[in-house]
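Reviewing the structure listed below.
The values are calculated or read from the model by the stated rules, or taken from the named source; none is laboratory data. Only a predicted model underlies this, so the values are computations on that prediction, with no experimental measurement involved. Heads up, the Cβs are rebuilt from the backbone with ideal geometry, glycines too, and the neighbour counts pull from every protein chain shown.
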Amino acid sequence: MTQFLQATVYGLLEGGLLALVAIGFSLVWGVMNIVNLAHGAFVVVGAYIAWKLNETAGLDPYLGMLAAAAGLFAAGYVVQRCLINLVVNAPIWMTLLLTFGLNLLIVNGLILAFTADFRAIHTGWASDSLAFGEVRVPYGRLAGFALATAVTVGLVLFMARTRIGLAIRSTGMDRAAARLMGMNVRHVYAFTFGLAAALAGTAGAMLGTINTFSPASAAGYTLQSFVIAVLGGLGNMWGALAGGVLLGLVQSWGGQYLSGTLVNAIAFGVLVLVLIVRPSGLIGRPYYEARAEA
Amino acid sequence: MSPVLETRGLTRRFGGVAAVSDLSFSLEEGSVLGVIGPNGAGKSTLINLITGHVKPSEGSVLVDGQDVTGERPWTIARSRVARTFQVVKPFRDLSVRENVAIGGMFGPERASSARKAIAQADDALERVDLLEKADASPGDLSVADARRLELAKALSMQPRLLLLDEVMAGLRPGEIQPALDLIASLKEEGVTILVVEHVMKAIMAVSDSLLVMHEGAELARGDPETVMRDERVIEAYLGQRYAERARKDREG
Amino acid sequence: MLEVTGLSAGYGQVEVLWDVDLNVGDGEIVALVGSNGAGKTTLLRAVSGLIGASGGELRFDGDSIAGLAPERVVGRGVAHVPEGRRLFPGLTVEENLKAGAFAQRNGADVEHALELFPHLRDRLSQVAGSMSGGEQQMCAIARGLMSRPKLLMIDELSLGLAPKLVEEILERLGKVARLGTALLIVEQDVDAALRIASRGYVLETGRIVSSGKSAELLDDPRVREAYLGIE
Amino acid sequence: MRAWLPWAAAALGLVLLALGPTYVLYDAEQRTLGSVFMFVVLAQGWNLIGGFAGYPSFGNVVFFGLGGYTTAVLMVKTGASFFVTVPAAAAVGLGFAVLMGIPILRLRGHYFAIATLGVAEGMREGVINLPGLTGGNKGTTIPAVGEKATASYPGNTGFYFYFLILAVIAMLVVWGVARSRFGYALRAISQDEDAAAAAGINTTRAKIAAFALAGLLTSVAGAIYAYQQVTIYPDRLFSVDITVLMVVMAVLGGAGTVIGPMIGAVSLQYLSEWLRDNLTDYHTFVFGAIIVAAVLILPMGVVNFALDAWKRRRIALFQAVRAYRL
């Protein structure tokens, strides 16, 4: 029983972070109909930024996280504005190839810069834990979960309340109409992509304090983002949170009771099943489905 | 003899809204039925239901007395039911001739090879007066020619029942007459035709009977002159002004 | 106010408009009529910048607006209510209206639009995609007015609407024009369009074939034959 | 152009390739060419489903891996001869494509791409987690030499010819498809599925047939590859990178054409070898840059680009940017 509770706690907390990893991916897919295969690479870049600032300047990873978010926002903005916007209406294999190429560039760039070794960000307190009876709740994971939830809430508010949030939602539903309203769609797209990259970077920095990472971790994060985005429904922020927690729990329970990496196979099985049975996701999409592209 | 087309209580709901609701009518061989109604009245959905592109929520579709409800579109197409699409759907990377040849390859009288079908495609092209542009790419066609191609693709299926979804939309007044002539000559050959159209003059000219749809349901049906005088039709679709003008013009 | 001279435009390789001349004066209502596919929508799209012009001149208030992106054109005071309404289906009516005021940097004045379309007041928090066609069209026009345009272009005003509703909307538009916004209305119901417009243009396969005062056009036998379905 | 000219060129090329190992090519060159031939097969397999039918599979590697593991497992567990395992691998590839295609080919666009990716990744995890059968992560070793071997190991020249023959078959298959009714059906589907169905095309059957053909060719390539490698690992045989290579080769050569994927496979495989030799550390990095650049500059592929230049007398670089930019 304790084992099960412990697994549940870990899964829940990990799930919050996974949601933070995936939320930007889901947003970009929902709003722009782009599946960003470099998303996982952004997560890892965030982890490296926080790690490097911690190693060289002794910066606390939670401050480094802000630097990672800012840096990735700028990078994401530029990538979308100068690169992806150029082929944004192309058949999907073209954008898939483009972002895959970007992924190769980033991942191998990281290997060249930092080698392929595994890294970890060491903090004094992240591995300490609260104890509820036999069940341990590490501070680092708890903070990660709290932050992920806070960011999700913040993002929902941001999209609902701000001018740019309104522009992002409008553009995602009808691009031509959005332009007629005076929205600069190129900027809106770039901003959305930058936002997604910043969220990925935040998640990466956070994950770096909990797990080890290397450039090769990127692919795993991209795949998990797929699963979560599909589970939660494209562009659905609450859906991403729910999908992340669900995946976290399944992986954690699976890890407890199943051998080896079979749990990954289950995650992909669930992904394919959801795609076939209910492609709009378990929670559904906020009207991006009927997007008018013209 | 059973009618070429019969629908019984045909209904289709999207979400909670009925796009087509409880339509029952039949069409005898060689007759032309005009279907009119405001946009969103369910006219295109009706065609989609007959061809199997959309599955009915309730009711059934019979072609030549045989129940084809729930059959896949290609099965229905091969039983000589051909259609055009309101939004033209050319195969963009094929030439105009190859577009038409597809029907010859997979239609009811399938050619034994792709090459033969391509050689036979010119008949249908000639009928719609598009032979000159046989080697062009569909993307380079004008609106009117794109409509002609759509029609030629349907004709290449050697239809007994032809469903035309706004084939005259976008045509100049002068271009409408040849289309009407074509419909008349097909009718003479015994082809049964269902025409969805907005151009009232055109639809009045070719239809033996008229079906007015409104919010998915039948509003009126019968011979064109009577239907056009129907108060409900005037109210929901034509508008009072049209009716008055039409009346005045007839009298004066 | 809007001066279109010798405009040609199209999509990719296919030209749709040739050498089109058209003017709209201050506070005027002008109808642009013609059959489906004649190029009416293309003309509006070219004016609002959604597609580029391949030739000719576009001027608004004396300044060239040719080649401007649509988000800039709306800033100059030209609003475009596109064919099929194109509301943001997942946003509420209020959010749609606010989106309409996006080009207005000094905030959204929802009240102004609600005065013209009071029906919408009860619908403010309803999701736009779930409204009826008529309500959506009113919302779309109201959204177009939110940017306080000098010229409002409406494409396919009556598309899918019952005649009664069209009458009602046309009446509102008369009020809009009296308040100082010029209107360029694209409409298949030639009769209705020419009744509220002071002038009209007839577009046929990409060319203006006839233009003049509404009353003259309504009596033009060619127009009557081709577009009114009356011989 | 005279009709026999391309055939004469192809025949001449084949004769040269057949004589190559005996007279000109070093072992290493045979090995490189063998892998070029293999990628011709993989790219053509993708071309059938992604190029002709327009269903961008991002999981075709699943057939490659299944074919390889079928051969390996049969040779290890039953001591079967390689040639017996090839039809088995082909059957597994074909059968799995049909089974997987029935539900998944109903999905379109991104959803199809991701579902195929999910199947491939899931299959890899499945293979890893059946160590009794597959050796799991540690891989499995085919008894290629020594006492347990059933035949003498073919060596570089042998595999050169296996891959060459398979590549020729793949080229002929695609050539045949391109001019057949089936090929027209696939092209019609890729452009408008509703219109294709209205023209009497059984779209479900055509898509599944294309997928099955792709699965068959790809799994046989996987079988030969496994035998060549002797020891195989799930991470290598189910690597996403192989799928991406297929896509890049087919697309940059010219998806939906007959010779495009061949041109793509030959040039990119050689480019990749050259980068590996000359820019050892940077080669994947540069490869990424090349993909990005190619998508922007030559998105329709070399063959379509050349055809366009020939027919319309224009050089249309950056065509995608012009057509698809925001």
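Some notes on this structure:
- Taking (1) in the same structural domain as D:Pro87 (by TED's automatic domain parsing); (2) in contact (Cβ under 8 Å) with a residue 24 or more places away in the chain in turn, D:Ala195 satisfies each apart from (2).
- If you go through the stretch C:199-225 and keep only what is within 22 Å of C:Gly27 (Cα to Cα), of a type outside the set (Lys, Arg) and surrounded by fewer than 16 Cβ atoms within 10 Å (Cβ to Cβ), you end up with C:Gly212, C:Ala215, C:Glu216.
- In the stretch A:169-189, the residues that are more than 7 Å from every other protein chain (Cβ to nearest Cβ) and more than 21 Å from A:Val156 (Cβ to Cβ) form Cβ pairs under 9 Å with partners that are part of a loop (DSSP other than H, G, I, E, B) and among the basic types (Lys, Arg), at six or more places apart or across chains, as follows: A:Arg175/A:Arg291.
- Hey, D:Val230 β-branched (Val, Ile, Thr), away from chain A (no Cβ under 14 Å) and surrounded by fewer than 18 Cβ atoms within 10 Å (Cβ to Cβ) or not: yes
- Only a single criterion out of (1) over 14 Å from the mean Cα position of the chain (by Cα); (2) of a type in the set (D, E, K, R); (3) on the phi > 0 side of the Ramachandran plot is not satisfied by B:Glu166, namely (1).
- Where strands (runs of 3 or more DSSP E) sit wholly within the stretch B:18-117, those with at least 3 residues that are more than 30 Å from C:Leu159 (Cβ to Cβ) occupy B:58-63.
- Taken together, the residues in the stretch C:82-94 that are more than 8 Å from chain A (Cβ to nearest Cβ) and within 15 Å of C:Leu157 (Cβ to Cβ) amount to 3.
- Note on the stretch A:1-105: enclosed helices (runs of 4 or more DSSP H) holding 2 or more residues that are crowded, with 22+ Cβ neighbours inside 10 Å and in contact with a Pro (Cβ under 7 Å, 6 or more places away or on another chain) are A:39-57.
- Scope the stretch B:126-182; condition among the basic types (Lys, Arg), within 14 Å of chain C (Cβ to nearest Cβ) and in a loop (DSSP other than H, G, I, E, B); matching residues: B:Arg172
- Check on D:Tyr225, assigned to a helix (DSSP H, G or I), hydroxyl-bearing (Ser, Thr, Tyr) and free of Cβ contacts under 8 Å to residues at least 24 places away in the same chain: no
- C:Leu145 more than 14 Å from chain B (Cβ to nearest Cβ) and in contact (Cβ under 8 Å) with a residue 60 or more places away in the chain: yes
- Matching entry among D:Ala91, D:Ala178, D:Ala120, D:Ala149 (being in contact with a helix residue (DSSP H, G or I) (Cβ under 7 Å, 6 or more places away or on another chain) and hydrophobic (A, V, I, L, M, F, W, C)): D:Ala120
- Hits in the stretch B:60-110 - residues which are crowded, with 19+ Cβ neighbours inside 10 Å, at pLDDT below 90 and more than 22 Å from B:Leu141 (Cα to Cα): B:Gly107
- Test: D:Leu237 is in contact with a Leu (Cβ under 8 Å, 6 or more places away or on another chain), within 25 Å of D:Gly67 (Cβ to Cβ) and crowded, with 18+ Cβ neighbours inside 10 Å: no
- Any hit, the stretch D:187-195, residues being small (Gly, Ala, Ser), within 14 Å of chain B (Cβ to nearest Cβ) and more than 23 Å from the chain's Cα centre (by Cα): yes
- Across the stretch B:190-239, the number of residues qualifying as over 17 Å from the mean Cα position of the chain (by Cα), of a type outside the set (Asp, Glu) and within 12 Å of another protein chain (Cβ to nearest Cβ) comes to 10.
- Members of the stretch C:1-48 that are out of contact with any Asp or Glu (no Cβ under 8 Å at 6 or more places or on another chain), small (Gly, Ala, Ser) and away from chain B (no Cβ under 11 Å): C:Gly25, C:Gly27, C:Ala46, C:Ser48
- Considered as a group, the residues in the stretch D:169-186 that are aliphatic (A, V, I, L, M) and either crowded, with 24+ Cβ neighbours inside 10 Å or within 13 Å of another protein chain (Cβ to nearest Cβ) (or both) include one that is farthest from B:Gly107 (Cα to Cα), and that residue is D:Ala170.
- Where a residue in the stretch A:92-110 is more than 7 Å from chain D (Cβ to nearest Cβ) and its partner, wherever it lies, is surrounded by fewer than 23 Cβ atoms within 10 Å (Cβ to Cβ) and not in a helix (DSSP H, G or I), with Cβ under 9 Å and at least six apart: A:Thr95/A:Asn33; A:Thr95/A:Val88; A:Val107/A:Ala216; A:Leu110/A:Ala116; A:Leu110/A:Ser214
- Unmet requirement for D:Asn129, which otherwise passes all of (1) of a type outside the set (A, V, I, L, M, F, W, C); (2) surrounded by fewer than 18 Cβ atoms within 10 Å (Cβ to Cβ); (3) free of Cβ contacts under 8 Å to residues at least 24 places away in the same chain; (4) within 14 Å of chain A (Cβ to nearest Cβ): (2)
- Here is the figure for the stretch C:99-117: residues that are surrounded by fewer than 21 Cβ atoms within 10 Å (Cβ to Cβ), within 14 Å of chain A (Cβ to nearest Cβ) and within 20 Å of C:Val127 (Cα to Cα) total 2.
- Residue in the stretch D:156-168 that is under 30 Å from A:Leu37 (Cα atoms) and either crowded, with 24+ Cβ neighbours inside 10 Å or at the interface with another protein chain (Cβ under 8 Å from one of its Cβ atoms) (or both) present: no
- Residues in the stretch B:25-43 that are hydroxyl-bearing (Ser, Thr, Tyr) and touching a residue at least 60 places away in the same chain (Cβ under 8 Å): B:Ser31 alone.
- Inspection of the stretch A:116-137 identifies at least one residue that is more than 14 Å from every other protein chain (Cβ to nearest Cβ) and either part of a helix (DSSP H, G or I) or at positive phi (or both).
- Candidate set: the stretch D:196-208, residues that are touching a helix residue (DSSP H, G or I) at 6+ places or on another chain (Cβ under 7 Å) and either aromatic (Phe, Trp, Tyr) or outside any loop (DSSP other than H, G, I, E, B) (or both); chosen: the one farthest from D:Ala91 (Cα to Cα): D:Ala198
- Answer residue from the stretch B:95-116, given it is over 18 Å from the mean Cα position of the chain (by Cα) and under 16 Å from D:Thr203 (Cβ atoms) and is farthest from the other protein chains (Cβ to nearest Cβ) among those: B:Arg110
- Any strands (runs of 3 or more DSSP E) falling wholly within the stretch C:7-110 and containing at least 2 residues that are over 21 Å from C:Gly212 (Cα atoms): C:14-24, C:53-60, C:78-81
- Test result for A:Tyr221, part of a helix (DSSP H, G or I), within 14 Å of another protein chain (Cβ to nearest Cβ), within 26 Å of A:Val88 (Cα to Cα) and at pLDDT below 95: yes
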